[in-house]
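Q: This structure is in structure tokens; I'll ask about it shortly.
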Amino acid sequence: MKSNDVTLWKGQNPAIIPPTETNVDNILSYSRQLHRRDISQLTSSFNSGNYEMTSSYIWQKSIALLKNQLGNLGILFIAEMLDRPDITEFSSIEQKLSDYDAITLSEELGFISGTGALRLRHSYEKLHHFGSLEEDEADEFQMTIDECIGIIRACVDNVVGQERIEAALDFQQFRGSLEEESFEEDSTEIQRLLQSPYFFKRTSIRVLISLIKSTSGAQLENVLVNANLIIPLLWKVLKKPERWQIGRAYADVFVEGKSKAASGLRKALLKVKGFDYVPEDLRSNSYIKVANEILVAHDSMQNYYNEPAPTKLLSEMGSIIPIPALPVCLTAVLSVRLGNSYGNSWAAQSYATSILKKISQDRWGYFLSDCLSSDERILYKLSYKLPIMMWCDLVKEFELMSIAKDNVKDKDIMRLLEESNSGKQENIKAIAMRLINKLGFKTS
Amino acid sequence: MGAEFVSLRKQLKGAISDFLDIEKMACPHTENGLVEVINALSLYREEGKALFPKIFIFDDLSTVLKILAVHDHVRVGEGPKGQSTCIDALKKCAPLAQGGWAIYILRKNASFEYGLFRGIGSVLTISIENALINNGMRDVPVIMAQQLSEKYVKVEGVSGNSILINFGATRSDVEPSTEGINRFINTIVLNVPAHIKEQTSTFYETLFSDVLRAGHGTLATVISHRKKLLPKRFHDSIVLNPPIDIPLNIQSLLSSNDIESNCRLEASASLIKGMMLSDGITIFNDAGAVVAYNTFIKHTSSGHFSQGVAGGARRRTFDFLISMIGKGLESAFMQSQDGAVLCKETSHEEQ
């Protein structure tokens, strides 16, 4: 059995619209979570040829619904799942969670299926593109009827047409079990977790951390027993960003005076000799916050205008990014530098480049060897032509191939860099998709 | 006939030897050094001022510092293994071991290194002894010595093993107990929301420990948070309106994580400590707030305290407070000037 065949949980929501259906009225008739008034306005707008307006309207409704349902899991849970220290209990999920984050998290927790997430991501790219066009371009390049139908179908099929949008039942049970019972190494759930793709392991670690931070009493005791079983079992395969997240969680509960939680995590870290991943200061949190501001700006409709300010801020924060913050900082800066399938923010490029120039060779080595293979955001970008071109330029400019030779053991990452150095776009895309598949995400 | 020579040293050395064995830190140099340190700690003063340094002895500085997460440390010196280096460590570091700094003695293969270290964070950050001793792990052996109050020195290890040394000639059976303090604090935090109960307890543990070391007696009691007015007998009080709501301040610090909230909490701690070191009774409620202080009650003619009770006015007042438990009070606490602690709560468990 392949690793990707074993999953701890799976999005249950089936496709509800027949594949052959192309009539918008019929597609909209599957909507269970839209008011009649909404359906009537969508139909009328579509029939009037306002394709962008129609698709934007149903998109906003769908994303609002997804965010609302994610919010029901608790804002602090969401913060931990996204590793976002900038999200607090007082944050608005609507403001803090980008559409990209909402789709990715919904996929990770089984709110939507992998294929559904893929279709929603494509819809998001299209909307993003048309929403970012300058006025003269917008007149010239308008959304087509087929593109609009595709977006409506993705939204109805995966969100507003579903009777219920909630986390996969298996996930809810797994999360509940982590706080209600103590697993053994031979428990079915643990065995499945060990065989699952990386993304389930990462999610499980994040769920554990969020429960350690939020539970108390007997529940906390169960969670800590499970953490002391699961963390040592996964430690060898955990990539450094996840190891740092555990170390940062220890520092957080320690500073907040949660001695029982700190004591439990301390035992787990001692078992795996993981204290090297406990940050010696909390500077990294400031960097992580700004990096996430860049990513929120990058995911916004006005990304070309919104990216420069937070990117400038990061470039002015100091010449050395703390190691625990390096993965998300590089993800953010590379997102600005690579842009999306339609271009990038010119005004933010100089700041992004100045940050990248300050990254030392050993830190590039760390990113390439330990972070890139699980950085689905950057890997997804390498499925689009323009970001691939920007990536190839970057690989040459910063001589990443020669850095990788001394650091990278992952054959796929090595091949990705080799092909990038040679500028072979189709091969780059194929390798990036393979890496995403290995993580456990759908690519087709 | 010559005078009989009485020395604590032999008895202490034997106890320390057994203690180090149990802690898996047996070493003759440590044994001798620790005896000297304990002796020096019993009445430690610098220029007339009492100091209460905490001394930690361990073998792995790197792991210890990482356990403290965000930390700082200053290496002060190094010397041959033995008592002279331990005494040097105390002399050179004790005056600096304030404001969260503690002394460390690192046992290396051929020498003892010493210096100061501390955790960095807010008022709520877990203390060094909590992380290394109370919730310590046998894989990281650490022992701690500190003067609890005048003439009392305590040595603890990660195995839950401890020695209390009383350098006084009386009351050797009465421990200046953290257990009595903890029981009283449990009644203060009884109705604090679960998610901040632990931090509120820790806040008060630190506060009461400071009060204990101040060498001043204190009296305190807890009333239900549902009571809007103090019991009539407590009318001679300075009532705090609004009360000092520690859980609220803790919640604010956890939410905002800013300097202002931390300062506010530190300021509250300082204020409450001052109240507890003032004459009269400090009144808490069972939701973690301080509601009144400087409270005086008339009770000598009431006949509530039992016959034959020895002691002064503070003890008589404490006995009166005990008589009111279940009749408006939830618990009563007394710490005498010599550090002895008495606590009684509604469960009627008296130390």
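The values are calculated or read from the model by the stated rules, or taken from the named source; none is laboratory data. These figures come from a predicted structure and were not determined experimentally. Counting neighbours? That spans all protein chains shown, and the Cβs are built from the backbone with ideal geometry, glycine included. What goes into the accessible areas is simple: the full protein's heavy atoms, side chains included, and nothing from ligands, DNA or RNA. Shrake-Rupley method; radii C 1.70, N 1.55, O 1.52, S 1.80 Å.
Q: Test of understanding: among B:Ala89, B:Ala110, B:Ala69, which residue is within 25 Å of B:Asn166 (Cα to Cα) and either out of contact with any strand residue (DSSP E or B) (no Cβ under 6 Å at 6 or more places or on another chain) or more than 14 Å from chain A (Cβ to nearest Cβ) (or both)?
A: Details: B:Ala110 fails: within 25 Å of B:Asn166 (Cα to Cα); B:Ala69 fails: within 25 Å of B:Asn166 (Cα to Cα).
Answer to the selection: B:Ala89.
Q: Oh, and also: Of everything in the stretch B:134-153 that's in contact with an Asp or Glu (Cβ under 9 Å, 6 or more places away or on another chain) and surrounded by fewer than 20 Cβ atoms within 10 Å (Cβ to Cβ), which residue is farthest from A:Val253 (Cα to Cα)?
A: B:Lys151
Q: Run B:Thr63 past the list (1) more than 10 Å from chain A (Cβ to nearest Cβ); (2) surrounded by fewer than 21 Cβ atoms within 10 Å (Cβ to Cβ); (3) touching a residue at least 40 places away in the same chain (Cβ under 8 Å); (4) not acidic (Asp, Glu) and report the number of the one that doesn't hold.
A: Tallying (1) more than 10 Å from chain A (Cβ to nearest Cβ); (2) surrounded by fewer than 21 Cβ atoms within 10 Å (Cβ to Cβ); (3) touching a residue at least 40 places away in the same chain (Cβ under 8 Å); (4) not acidic (Asp, Glu), B:Thr63 fails exactly one: (1).
Q: Every residue in the stretch A:74-120 that is open to solvent by 30 Å² or more (accessible area, probe 1.4 Å), within 14 Å of another protein chain (Cβ to nearest Cβ) and without any contact (Cβ under 8 Å) to a residue 60 or more places away in the chain, please.
A: A:Ile75, A:Thr88, A:Glu89, A:Phe90
Q: Another question about this same structure. Could you give every pair whose Cβ atoms fall below 6 Å, whose first residue belongs to the stretch B:86-99 and is assigned to a loop (DSSP other than H, G, I, E, B), and whose second residue is at pLDDT 90 or above and crowded, with 21+ Cβ neighbours inside 10 Å, counting only separations of at least 6 or pairs across chains?
A: Listed pairs, sorted by first residue: B:Ala97/B:Pro53; B:Ala97/B:Ile103.
Yes or no, residue by residue, for (1) of a type in the set (Ser, Thr, Tyr); (2) open to solvent by 60 Å² or more (accessible area, probe 1.4 Å); (3) assigned to a helix (DSSP H, G or I):
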{"site": "A:Ser383", "(1), (2), (3)": "yes, no, no"}
{"site": "A:Met390", "(1), (2), (3)": "no, no, yes"}
{"site": "A:Val395", "(1), (2), (3)": "no, no, yes"}
{"site": "A:Ile403", "(1), (2), (3)": "no, no, yes"}
{"site": "A:Asp412", "(1), (2), (3)": "no, no, yes"}
{"site": "A:Asn421", "(1), (2), (3)": "no, yes, yes"}
{"site": "A:Glu426", "(1), (2), (3)": "no, yes, yes"}
{"site": "A:Leu435", "(1), (2), (3)": "no, no, yes"}
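Q: Among the candidates B:Ala269, B:Ala289, single out the residue that is open to solvent by less than 40 Å² (accessible area, probe 1.4 Å), within 14 Å of chain A (Cβ to nearest Cβ), within 22 Å of the chain's Cα centre (by Cα) and closer than 24 Å to B:Leu124 by Cα. Please lay out each step first, then the result.
A: Values: B:Ala289 fails: within 14 Å of chain A (Cβ to nearest Cβ).
After applying the criteria, what remains is B:Ala269.
Q: Checking the structure you have, find out if any residue of the stretch B:105-112 is in a strand (DSSP E or B), surrounded by 19 or more Cβ atoms within 10 Å (Cβ to Cβ) and of a type in the set (Val, Ile, Thr).
A: Yes, the stretch B:105-112 contains at least one residue that is in a strand (DSSP E or B), surrounded by 19 or more Cβ atoms within 10 Å (Cβ to Cβ) and of a type in the set (Val, Ile, Thr).
Q: Would the stretch A:298-318 turn up any residue that is β-branched (Val, Ile, Thr) and under 29 Å from A:Leu211 (Cβ atoms)? Explain how you work it out, then say what you get.
A: Going residue by residue through the stretch A:298-318, those that are β-branched (Val, Ile, Thr) are A:311.
Then keep just the ones that are under 29 Å from A:Leu211 (Cβ atoms); that gives none.
Checked against the condition, which is being β-branched (Val, Ile, Thr) and under 29 Å from A:Leu211 (Cβ atoms), the stretch A:298-318 yields no hits at all.
Q: Please indicate, with yes or no, whether at least one residue in the stretch B:14-28 is touching a helix residue (DSSP H, G or I) at 6+ places or on another chain (Cβ under 9 Å), among the aromatic types (Phe, Trp, Tyr) and away from chain A (no Cβ under 14 Å). Even if it seems obvious, please write down each step before you answer.
A: Of the residues in the stretch B:14-28, the ones touching a helix residue (DSSP H, G or I) at 6+ places or on another chain (Cβ under 9 Å) are B:16-17, B:19-20, B:25-28.
Imposing the further condition that a residue be among the aromatic types (Phe, Trp, Tyr) reduces the set to B:19.
Now drop any that are not away from chain A (no Cβ under 14 Å), which leaves B:19.
Within the stretch B:14-28 (the criterion being touching a helix residue (DSSP H, G or I) at 6+ places or on another chain (Cβ under 9 Å), among the aromatic types (Phe, Trp, Tyr) and away from chain A (no Cβ under 14 Å)), the answer is yes, since at least one residue qualifies.
Q: Quick one: would you say B:Glu179 is in a helix (DSSP H, G or I), within 25 Å of B:Val341 (Cα to Cα) and either within 14 Å of chain A (Cβ to nearest Cβ) or touching a helix residue (DSSP H, G or I) at 6+ places or on another chain (Cβ under 7 Å) (or both)? I'd like the intermediate steps shown before the answer.
A: Details: in a helix (DSSP H, G or I): yes; within 25 Å of B:Val341 (Cα to Cα): yes; either within 14 Å of chain A (Cβ to nearest Cβ) or touching a helix residue (DSSP H, G or I) at 6+ places or on another chain (Cβ under 7 Å) (or both): no.
Taking the combined requirement at face value, the residue does not satisfy it.
Q: Oh, and also: Confirm whether B:Gly157 is open to solvent by less than 30 Å² (accessible area, probe 1.4 Å), more than 19 Å from the chain's Cα centre (by Cα), small (Gly, Ala, Ser) and more than 14 Å from every other protein chain (Cβ to nearest Cβ). Quick ask: steps written out before the conclusion?
A: Details: open to solvent by less than 30 Å² (accessible area, probe 1.4 Å): yes; more than 19 Å from the chain's Cα centre (by Cα): no; small (Gly, Ala, Ser): yes; more than 14 Å from every other protein chain (Cβ to nearest Cβ): yes.
The answer is no for B:Gly157.
Q: Mind listing just one residue for me: the one in the stretch B:228-266 that is in contact with a His (Cβ under 9 Å, 6 or more places away or on another chain) and within 14 Å of chain A (Cβ to nearest Cβ) and, of those, surrounded by the fewest Cβ atoms within 10 Å (Cβ to Cβ)?
A: Only one residue tops the list, namely B:Gln251.
Q: Does any residue in the stretch A:347-367 that is over 21 Å from A:Met401 (Cβ atoms) come within less than 6 Å, Cβ to Cβ, of a residue that is of a type in the set (Ser, Thr, Tyr) and part of a helix (DSSP H, G or I) six or more places away or on a different chain, and which pairs are these?
A: A:Ala348/A:Thr311; A:Tyr351/A:Thr311; A:Tyr351/A:Ser315; A:Ser354/A:Ser315
Q: Same structure, new question: Being part of a helix (DSSP H, G or I), of a type in the set (Gly, Ala, Ser), within 12 Å of another protein chain (Cβ to nearest Cβ) and farther than 22 Å from A:Lys201 by Cα, is that true of even one residue in the stretch A:298-309? First the steps, then the outcome.
A: Keep residues of the stretch A:298-309 that are part of a helix (DSSP H, G or I), which gives A:298-299, A:303-306, A:308-309.
Applying the additional criterion that residues be of a type in the set (Gly, Ala, Ser) yields A:309.
If we keep only those that are within 12 Å of another protein chain (Cβ to nearest Cβ) as well, we get none.
Scanning the stretch A:298-309, I find no residue that is part of a helix (DSSP H, G or I), of a type in the set (Gly, Ala, Ser), within 12 Å of another protein chain (Cβ to nearest Cβ) and farther than 22 Å from A:Lys201 by Cα, so the answer is no.
Q: Within the stretch A:208-263, track down each residue that is more than 12 Å from chain B (Cβ to nearest Cβ), part of a loop (DSSP other than H, G, I, E, B) and crowded, with 20+ Cβ neighbours inside 10 Å.
A: A:Leu238
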